[in-house]
Every structure is written in structure tokens, then in C-alpha cells.
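Taking it in order: structure first as C-alpha cells, then the write-up.
The values are calculated or read from the model by the stated rules, or taken from the named source; none is laboratory data. Note that the coordinates shown come from a computational prediction; the quantities given were computed from them, not determined experimentally. Virtual Cβ from ideal backbone geometry, glycine too; neighbours counted across all protein chains shown.
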Amino acid sequence: MKIFSKPEQLKQLTKPVVMAVGFFDGVHLGHREVLASTLRRSLDIKGEAWVMTFAQHPLSVLAPYKRPRLLSTTEERLKIFAALGMHGVLLVDFTTEIAEFSPLDFVRWLCDAECASEAHAPIREIRCGDNWRFGLKACGTPATLAELGRDYGFDVVVVPYAGYKDVEISSTRIRYAIREGRLQEANGMLGRAYSIHGKVVSGRGLANRLQMATANIIPDVDLLPPNGVYAVRTKINGRIYGGVANLGVRPTFPDTSPSEIVLETHIFDFNGELYNQEIVVYFIAFIRAERKFDSPEMLVQQVGDDMTAAARILSADDFQDVFTH
């Protein structure tokens with residue numbers, strides 16, 4: 001998948017471009033409807049399917065205190081775009097200059113043309129959701145874009161929203177579900193399991209007592225579900241393993257409690273060294289809240305029960321891995 005950072009680079013392309021536009025945080029099922037229709041249309045016209053998105057959420061520049069906690073990093077978005085078969089991404093830094101563009105300025109910038117008669121980027125169609133906005137104070141709508149497109153040689157198609165339980169899917173709705181621990185709902189809207197990736201760090205030795213592999217990650221993400229125990233799947237070196245994870249601060253061991261939240265994952269049927277490896281942990285279902293136990297022995301017994309519960313949940317789960325890492 002090609003990645004460009006400036007619209008003028010699109011002029012290098014020799015095939016017509018169908019472009020999906022949006023921020024695509026989480027790349028949820030609604031976003032994927034836009035992307036899939038963009039890819040299908042590009043095949044129809046023997047062209048290429050591209051995404052235009054920003055590296056930063058616009059509110060991180062315009063009003064940082066209002067920026068939402070993001071569902072995915074830029075790297076994760078790019079990997080999902082590639083996994084879905086997109087040919088390229090125009091990944092642009094959002095700046096105050098771009099924020100000041102009028103709708104016409106935005107189209108001129110995107111097409112790399114000062115006027116409609118000038119040779120410009122080979123964009124033949126733009127696809128978006130009905131709520132996509134652009135230009136100064138978000139004054140540009142899909143209808144505005146379509147009107148400007150008549151002069152600049154591209155059509156605009158608004159892709160109908162995707163729903164979950166008869167309500168429109170949105171990144172905001174998914175964020176609330178994750179924060180409240182409603183993972184089945186969040187994953188149903190994402191079309192995949194919410195995941196965290198990171199490098200394994202040293203733990204506290206409980207794994208030796210349980211005689212099973214344990215991986216500890218310090219989550220470096222915007223958004224986390226509530227502290228607690230979860231049925232999870234873990235990707236290690238391209239392979240998927242079942243497991244059970246505790247997200248929290250290890251209250252049973254106050255002398256070694258971390259200063260920040262730790263994701264501690266016990267991995268089923270894995271033998272090998274995990275320290276310093278990059279892994280991905282997929283949250284499948286909530287099992288129980290994190291709690292303090294009266295003794296390490298009681299915790300070990302509870303972990304055994306948690307493993308049984310996780311195995312039962314995972315046996316009935318239809319896991320799909322969208323990521324390619």
C-alpha cells in the first residue's frame with residue numbers, strides 16, 4: 001500500500017482514483033462500508049482505491065481539551081487500511097492552515113489545482129459518510145463537495161451508515177461502550193475485538209507459581225476498558241493464543257503495585273520467552289472486576305477459576321483478526 005503525505009503526489013498515479021475521506025478512528029463497521037464501496041468502485045473503473053485522512057485528530061490542533069480519546073493509533077489505522085485491500089493512503093498532517101481553508105480552498109488543495117481548468121490529481125470519485133465535514137468551522141458538507149466536484153471532475157457518493165441494534169455506529173458510541181466495559185457491544189460495532197499492542201515487560205513472578213506463560217504490557221493507549229479480568233486472545237509472532245488478562249494495579253500485592261495500569265495476560269498453550277517481544281492482546285469479554293485478595297493463595301485459586309471462565313467464553317467466540325501485525 002502506498003502512503004503519500006501531500007496531495008500533489010497523487011499526480012504520480014496513472015490510474016483514476018476513487019477516494020474515501022474521513023478520520024476513520026477505530027475503522028469500525030461504518031467506516032468499513034465506506035472503504036469497501038470505495039474498493040469495489042475502483043475495480044469497476046479499473047482504478048485505485050485511496051483513503052484521505054489526517055495523522056492527527058483535528059481537535060488536537062483546534063481545541064486540544066476537546067480531543068476525544070482515540071480508539072486507534074495512526075499506525076493501527078494504516079495497517080487496517082492495508083488489510084482491507086486499499087491501494088494507498090493520503091496521510092496528511094492537520095494544520096491550522098488547513099483548518100482555515102474554505103471548502104473551495106480545500107478542494108483546490110486536494111486536487112492540487114488553482115482552478116478547475118488546470119491539470120489536477122486523478123480523483124474521479126470521493127466517498128464519505130453523510131456526517132463528514134470539511135473546511136473552515138466544518139462548513140463544508142457532502143453536498144458542498146459534490147457541487148465543487150462538478151467543476152473539478154469528480155463525483156461524490158454518500159455511503160449509508162451501518163447500524164448496530166438499529167442505531168447508527170459511531171466512534172463516539174464505541175468509546176462509551178469500551179469505557180463502560182461493554183465489550184460485546186463495542187466489538188460488534190468495530191467488527192473486530194478491541195486490542196492493545198505493546199512490548200512485554202518484566203512481571204512479578206506469579207506465572208512461575210501457575211506454571212504458565214505470562215506477558216505484562218504497560219498500555220500506551222488513549223482508551224482503556226475498566227480495570228478487571230478479561231477473556232482475551234493474544235497474537236505472538238503471527239499466531240493467536242487464548243488467555244485471561246488482568247487490567248489494573250495488582251491490589252493484592254501493595255508492596256509491588258505499579259504506579260501505572262498494567263495489562264497482565266496469562267497465555268494458554270504457549271511455551272517460550274516473551275520478555276521484550278511485541279504482542280497484541282484482543283479483549284473478548286469481561287469476566288469480573290479487579291479486587292484485592294486476602295492471600296496470594298486465594299488469588300492463585302481465583303486465577304484458576306478465571307482461566308476456566310475464559311476458556312469457556314473463547315470456545316464460543318467467533319474471533320476475526322483484522323490486523324496484519
Wholly enclosed helices (runs of 4 or more DSSP H) of the range 34-119 bearing at least 3 residues surrounded by 13 or more Cβ atoms within 10 Å (Cβ to Cβ): 58-62, 74-83, 103-111
Find all pairs meeting these conditions: Cβ atoms under 7 angstrom apart; at least six residues apart or on different chains; first residue within the range 122-142 and over 19 Å from Glu33 (Cβ atoms); second residue outside any strand (DSSP E or B) and among the polar types (S, T, N, Q). Gly135/Ser102; Leu136/Ser102
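Hey, could you check the range 254-273 for residues that are outside any strand (DSSP E or B) and modelled with pLDDT of 85 or more and say which is surrounded by the fewest Cβ atoms within 10 Å (Cβ to Cβ)? Step through it out loud before you land on a result.
Filtering the range 254-273 down to residues outside any strand (DSSP E or B) leaves 254-261, 268-273.
Subsequent filtering for residues that are modelled with pLDDT of 85 or more retains 261, 268-270.
Values: Ile261: 15, Phe268: 17, Asp269: 9, Phe270: 17.
Step by step, filter the range 254-273, then rank; the result is Asp269.
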Selection over the range 30-75 where residues are under 21 Å from Pro122 (Cβ atoms) and not polar (S, T, N, Q) yields a count of 15
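Output the residues belonging to the range 1-33 that are part of a loop (DSSP other than H, G, I, E, B) and aliphatic (A, V, I, L, M).
Step one: of the range 1-33, the residues part of a loop (DSSP other than H, G, I, E, B) are 1, 5-6, 13-16, 22-28.
Within the range 1-33, Met1, Leu13, Val27 meet the criteria.
Can you name the residue in the range 274-325 that is assigned to a loop (DSSP other than H, G, I, E, B) and hydroxyl-bearing (Ser, Thr, Tyr) and, of all such residues, is surrounded by the fewest Cβ atoms within 10 Å (Cβ to Cβ)? It would help to see each step written out before you state the result.
Taking the range 274-325 as the starting set, the residues that turn out to be assigned to a loop (DSSP other than H, G, I, E, B) are 274-277, 290-295, 316-325.
This time we only want the ones that are hydroxyl-bearing (Ser, Thr, Tyr), so: 275, 295, 324.
Values: Tyr275: 11, Ser295: 9, Thr324: 11.
Checking each candidate, the answer is Ser295.
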